[in-house]
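Read through the structure below, which is laid out as structure tokens, and then see the notes.
The values are calculated or read from the model by the stated rules, or taken from the named source; none is laboratory data. All values reported here derive from a predicted model rather than from experimental measurement. Cβ placement follows ideal geometry from the backbone for every residue including glycine, while neighbour counts extend to all protein chains displayed.
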């Protein structure tokens with residue numbers, strides 16, 4: 001059955017381009033086209049269940065996407081909203097706000113209409129529509145209590161050879177690190193996790209959220225404003241400190257390494273892996289063999305399976321404890337599903353229990 005798509009964009013040419021892309025795919029059909037937010041609001045209000053997905057241009061003369069989402073909130077629409085934006089750096093904060101307030105995901109518009117007609121943008125847009133409509137069909141069952149998964153012992157202790165001991169390089173046991181990965185739906189999920197963490201969290205946290213360059217700084221600043229812990233975009237050379245949260249910089253890779261007795265962050269220009277910059281697998285792999293007493297791995301909503309391979313490697317050499325999100329509370333049950341099926345999850349909890357699970361396991365200073 002075809003999925004109904006609404007397009008909202010003040011550019012007639014972009015409306016045409018988007019319509020042409022969608023109508024090529026037999027799974028979707030364009031059922032409504034609007035020129036601005038006011039027109040769209042009236043159409044949605046008249047028939048709130050008519051559209052499976054709404055493609056929403058962020059910047060429009062009468063109201064931007066975030067303003068429209070706020071106005072639509074009381075209607076409790078079932079439509080998934082995908083924001084389209086040719087964003088410039090200073091406007092990233094508003095898009096982050098929109099993602100926190102109900103937008104399913106966002107897609108960057110190409111720099112010109114020639115690129116908009118290209119294969120890359122077409123594939124990216126159709127993939128987002130596929131994901132959004134799949135989530136529309138997924139039954140929603142509310143899980144009210146956390147579930148701990150009983151598993152056999154799965155970890156190998158870190159070995160310390162005699163030569164290391166002679167050199168005074170014996171591993172320091174006791175300090176913990178929290179390493180979190182998320183993708184689609186991540187900004188909204190993080191907004192329901194990070195502000196609930198205790199101020200004196202007894203560990204630093206590193207986060208890989210799949211986002212392009214220019215967004216992660218705004219995401220960090222937004223979270224910092226509403227959280228007890230300090231949140232910042234990771235910078236090369238940052239020293240990890242307890243009670244601080246570091247978000248991987250969009251368009252770069254993030255590694256953790258030890259230097260002069262301290263753990264520091266390395267923000268690198270190395271290429272994407274599986275199309276991802278930042279990539280959670282790279283972040284987790286950089287922790288293999290580190291001397292943290294325990295690494296708490298957290299996997300939240302997102303498409304694909306990034307993070308599982310890295311955590312699997314980490315589990316061989318390090319003591320880990322793993323928390324993941326229930327299917328029913330994910331925007332996209334991809335990354336948590338792959339991780340859960342790996343058998344490495346210690347705790348599977350609804351999103352509103354994730355911060356508590358982290359805090360209880362890590363403790364406070």
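Some points to look at:
- The number of residues in the stretch 69-91 being touching a strand residue (DSSP E or B) at 6+ places or on another chain (Cβ under 9 Å), part of a helix (DSSP H, G or I) and at pLDDT 85 or above comes to 2.
- Filtering 352, 269 for residues that are surrounded by fewer than 20 Cβ atoms within 10 Å (Cβ to Cβ), in contact (Cβ under 8 Å) with a residue 40 or more places away in the chain and farther than 17 Å from residue 206 by Cα leaves a single hit, 352.
- Pick from the stretch 332-342, criterion touching a strand residue (DSSP E or B) at 6+ places or on another chain (Cβ under 8 Å) and closer than 20 Å to residue 278 by Cβ, ranking: surrounded by the fewest Cβ atoms within 10 Å (Cβ to Cβ): 334
- The condition of being surrounded by fewer than 20 Cβ atoms within 10 Å (Cβ to Cβ) and in contact (Cβ under 8 Å) with a residue 60 or more places away in the chain holds for only one of 313, 319, that being 319.
- Annotation note: of 359, 307, the sole residue that is within 25 Å of residue 195 (Cβ to Cβ), surrounded by fewer than 22 Cβ atoms within 10 Å (Cβ to Cβ) and in contact (Cβ under 8 Å) with a residue 60 or more places away in the chain is 359.
Conditions tested, residue by residue: (1) modelled with pLDDT of 95 or more; (2) in contact with a helix residue (DSSP H, G or I) (Cβ under 8 Å, 6 or more places away or on another chain); (3) assigned to a loop (DSSP other than H, G, I, E, B); (4) closer than 13 Å to residue 183 by Cα.
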site: 267; (1), (2), (3), (4): yes, no, no, no
site: 271; (1), (2), (3), (4): yes, no, yes, no
site: 278; (1), (2), (3), (4): yes, no, yes, yes
site: 284; (1), (2), (3), (4): yes, yes, no, no
site: 290; (1), (2), (3), (4): yes, no, yes, no
site: 306; (1), (2), (3), (4): yes, yes, yes, yes
site: 316; (1), (2), (3), (4): yes, no, no, no
site: 321; (1), (2), (3), (4): yes, yes, no, no
site: 340; (1), (2), (3), (4): yes, no, no, no
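- Where a residue in the stretch 220-243 is on the phi < 0 side of the Ramachandran plot and not assigned by TED's automatic domain parsing to the domain that holds residue 209 and its partner, wherever it lies, is at pLDDT below 95 and not in a helix (DSSP H, G or I), with Cβ under 9 Å and at least six apart: none
- Within this structure, residue 196 fails the test of being at pLDDT 95 or above and closer than 24 Å to residue 264 by Cβ.
For every residue, the table says whether it meets (1) at pLDDT below 95; (2) within 19 Å of residue 181 (Cα to Cα); (3) over 19 Å from the mean Cα position of the chain (by Cα); (4) not in a loop (DSSP other than H, G, I, E, B).
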site	(1), (2), (3), (4)
220	no, yes, no, yes
223	no, yes, no, yes
228	no, no, yes, no
231	no, yes, no, yes
242	no, yes, yes, no
245	no, yes, no, yes
249	no, yes, no, no
256	no, yes, yes, yes
264	no, yes, yes, yes
